[in-house]
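Data block below; observations after.
The values are calculated or read from the model by the stated rules, or taken from the named source; none is laboratory data. Just so you know, these numbers come straight off a predicted model, no measurement behind them. Heads up, the Cβs are rebuilt from the backbone with ideal geometry, glycines too, and the neighbour counts pull from every protein chain shown. Ligands, DNA and RNA are stripped out before the accessible areas are found, and what is left, the full protein with its side chains, is counted by its heavy atoms. Shrake-Rupley method; radii C 1.70, N 1.55, O 1.52, S 1.80 Å.
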Amino acid sequence: MSTAQLAPPAPEKDGRTAQRPFAVRALARPEVGVFLGAAAVFVFFLIAAPTVRDGGSMATVLYQSSTIGIMALPVALLMIGGEFDLSSGVAVISSALTASMLSFQLTMNVWVGVVVALVVALAIGAFNGWMVVKTGLPSFLVTLGTFLILQGANLAVTKLVTTNVATDDISDMDGFDQARKVFASSFHVGDVEIKVTVVWWLVFAALATWVLLRTKYGNWVFAVGGNKESARAVGVPVNFTKITLFMAVGFGAWFVGMHQLFSFNTVQSGEGVGQELIYIAAAVIGGCLLTGGAGSAIGPVFGAFMFGMVQQGIVYAGWNPDWFKAFLGVMLLGAVLINLWIQRTATRR
């Protein structure tokens, strides 16, 4: 009898427990895929636009990324929770308009306007969330309605109060310098000027990651996005979770709105339209599934960086900036295909 005949048969591998190669498991993580994509875009523009290698140029890229990334984070959390918010772009302008007009027209310290604007932004988010959970309507329809309401109100109220489409300059009002230090200041690292929004962006990303991965609330977010009825059956407060996620988007809109106000001293009431698609796209590119229940907070950080890199890289390369939207479409379609592959890989036995 041969040695092969004496050897015991190899145990059959159970498909449910078979270990897949490390590379496959790593690529199945949404943040890994977008990190590789961001690295590829970064290297591409390092070659195509040598100006990007300058420290000041990279600081500009990071600043552009941060203004998108701060909003992309709460939008991503909301998408993980299974919902959308199409009003986030104009809500940024609504917050800035509220703070500016209240402070100037009533001759108050600008911090009063900042606080009232926060209340308004949170109220908009709470309204969106309440409408979604109480009516059962898709968040797409609810927030589309809010988008139109805010867009019209921004223009109409601003013209009514200021007789113009922009607010008045508030740079000489009490509290302006202190507020600017919080929302729109900058500091130097060597000879490079860094905007404070870059720091806030990274702080918010770390906080969102901790919430998702280390808290009970983070488990609730994934649960309601995966299957809200199953989540409700095991005691997850579905309505509370969804409403607070919409309020988190309101908080992000308030913060970015304050940055815009204290960076430029005035606010154009017609701005913000279309930005909501940028925030959603950054979250999708960052690995958040359109169906909810999956994603991370780190992924949208790299997604926002890709946006900033492409937007500024096209300028530094001397190309027509109209190509940005074409790049945006390519990145979005690519991200959707990668997310689809990740979803299939994760569910494959």
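Numerical summary
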{"read-out": "For the range 194-281, projected area of the alpha-carbon convex hull averaged over all directions, nm²", "value": "7.3"}
{"read-out": "Value at 222 nm in deg cm²/dmol, rounded to 500, when DSSP H runs of n ≥ 4 in the chain each add -39,500 (n - 2.57)", "value": "-24000 deg cm²/dmol"}
{"read-out": "GNM result for the chain, Cα springs below 10 Å: residue of T135, T162, T67 fluctuating most strongly", "value": "T135"}
{"read-out": "Residues with amide H under 5 Å from that of S186, placed H, sequence gap 5 or more", "value": "V196"}
{"read-out": "For L290, distant residues with modelled amide H under 5 Å away", "value": "none"}
{"read-out": "Rounded accessible area per residue of the range 30-131, 1.4 Å, Å²", "value": "34"}
{"read-out": "N239 versus L148: modelled label distance in nm, points set 7 Å from Cα along the beta carbon direction", "value": "2.7"}
{"read-out": "Surface share of carbon and sulfur [accessible, 1.4 angstrom probe, percent] for the chain", "value": "66"}
{"read-out": "Percent of Cα-Cα distances greater than 17 Å, calculated over the range 99-235", "value": "75"}
{"read-out": "Residue-wise HN-Hα coupling along the range 263-277, computed from phi with Karplus coefficients 6.51, -1.76, 1.60 (Hz; x: Gly, Pro)", "value": "7, 10, 6, 9, 10, 8, 5, x, 7, x, 5, x, 5, 4, 5"}
{"read-out": "Distance between modelled label sites at S263 and V192, nm, 7 Å Cα→Cβ extension", "value": "1.8"}
{"read-out": "Among V92, V284, V238, residue whose mean-square fluctuation peaks in a GNM of the chain (springs only between Cα atoms under 10 Å)", "value": "V238"}
{"read-out": "Matching label, Rg/Rh (Cα atoms, Kirkwood Rh) computed from the structure shown, candidates (i) 0.97; (ii) 1.06; (iii) 1.16", "value": "(ii)"}
{"read-out": "Unit charges on C-beta of K, R, D, E only; dipole of the chain, Debye", "value": "1480"}
{"read-out": "Using alpha-carbon coordinates, inclination of helix 139-162 to the longest axis of the chain, degrees", "value": "20"}
